[in-house]
Amino acid sequence: MNTHAWDLSPQDAIALQKQWADRVVLCDEFDEVRFVAGVDVGFEENNKVTRAAIAVLSFPSLQLVESALVKQPTRYPYIPGLLSFREMPAILAAYSTLRTIPDLLLCDGQGVAHPRRLGIASHLGVWLDKPAIGVGKSRLVGQYGPVPDVRGSWVALVDKGEEVGAVLRSRQNVKPIFISPGHKISIDSAIKWTMACTTRFKLPETTRHAHHIASNLK
DNA sequence: GCGACAG
DNA sequence: ATCTTGTCGC
């Protein structure tokens with residue numbers, strides 16, 4: 001069988017996460033944002049095939065300007081806390097085909113709201129040295145209180161006494177989403193930029209486009 | 001040992 | 001993530 005740089009034992013993967021977590025930058029390190037990208041991954045054939053999609057949108061108009069889709073064999077199982085080892089190879093392959101380089105990434109999943117502070121948004125952000133935000137539909141770690149049912153309101157997500165992100169009401173009457181910095185962005189800015197990419201739906205337009213592309217539908 | 005657990 | 005139609009509510 002062929003080996004792969006991403007084929008790490010869970011133990012080694014965890015060790016790598018602990019080391020890379022130190023490289024995550026939690027303050028804003030970017031200027032003008034002209035393009036924002038949504039990253040999403042889907043599976044088919046009973047998880048045998050991984051589909052990674054990236055949608056690049058103009059900002060602030062949020063119009064789709066470019067999209068990428070890559071399919072490749074799945075080679076790592078889903079293990080909570082090790083998601084990036086399963087999805088990043090395909091994501092990087094898709095990213096490498098882009099002609100329009102985005103200034104900010106919004107990834108499905110968590111950023112530093114992760115057991116070892118290196119969720120997929122952080123891993124990807126550090127790898128690409130690009131500002132990134134983790135946008136999750138559910139919680140991996142952290143505690144939080146009631147989120148006011150008013151669009152834009154949010155409460156802190158705290159893990160082990162550390163503020164790692166926010167639970168954001170991106171839309172009224174809908175379950176909130178879990179925002180956390182991936183890389184080169186603060187929690188406050190992550191919330192701000194996520195809202196700036198969100199129109200009338202629960203998820204940011206970036207994520208919605210990427211999800212649509214990664215989906216098999218047409 | 002038991003329960004939790006992104007996609 | 002994925003299997004899947006209609007249906008209830010703002």
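Just so you know, the Rg over Rh for region A:166-210 is 0.95, from Cα atoms, with Rh as the Kirkwood radius. Would you mind checking the pairs A:K18/A:K202; A:K137/A:K192; A:K71/A:K184; A:K71/A:K130; A:K160/A:K184 and listing those with alpha carbons more than 27 angstrom apart? With Cα atoms farther than 27 Å apart: A:K18/A:K202; A:K71/A:K184.
Considering only A:D108, A:D12, A:D129, the mean-square fluctuation computed in a Gaussian network model of chain A, springs between alpha carbons under 10 angstrom, is largest for A:D12. Converting phi to 3J(HN,Hα) with the Karplus coefficients 6.51, -1.76 and 1.60 and the offset θ = phi - 60°, region A:21-27 yields 4, 5, 8, 5, 10, 9, 10 Hz in sequence order, with x at every glycine or proline. Largest first and in whole Å, the equivalent-ellipsoid semi-axes of region A:131-218 read 21, 15, 12, each the square root of five times a Cα gyration tensor eigenvalue.
Only Cα pairs under 8 Å and 6+ residues apart enter the sum, and on that basis the relative contact order of chain A stands at 23 percent. The value for region A:84-180 of Rg(Cα) / (2.2 N^0.38 Å) is 1.14.
Dividing the mean sequence gap of close Cα pairs (under 8 Å, 6+ apart) by how many residues region A:37-116 holds gives a relative contact order of 33 percent. Accessible surface calculations at 1.4 Å, restricted to protein heavy atoms, place chain A at 48 Å² per residue. Taking the convex hull of the alpha carbon positions in chain A and averaging its projected area over all directions gives 11.9 nm².
Comparing A:I187, A:I101, A:I91, which has the greatest mean-square fluctuation in the GNM of chain A with Cα pairs linked when under 10 Å apart? In this elastic network of chain A, the residue with the biggest mean-square fluctuation among A:I187, A:I101, A:I91 is A:I101.
Leaving out ligands, DNA and RNA, what percent of the accessible area of chain A is carbon and sulfur, probe 1.4 Å? Here it works out to 52 percent.
The values are calculated or read from the model by the stated rules, or taken from the named source; none is laboratory data. Source: prediction; values computed, not measured. SASA here: full protein model, heavy atoms, side chains in, ligands and nucleic acids out. Shrake-Rupley method; radii C 1.70, N 1.55, O 1.52, S 1.80 Å.
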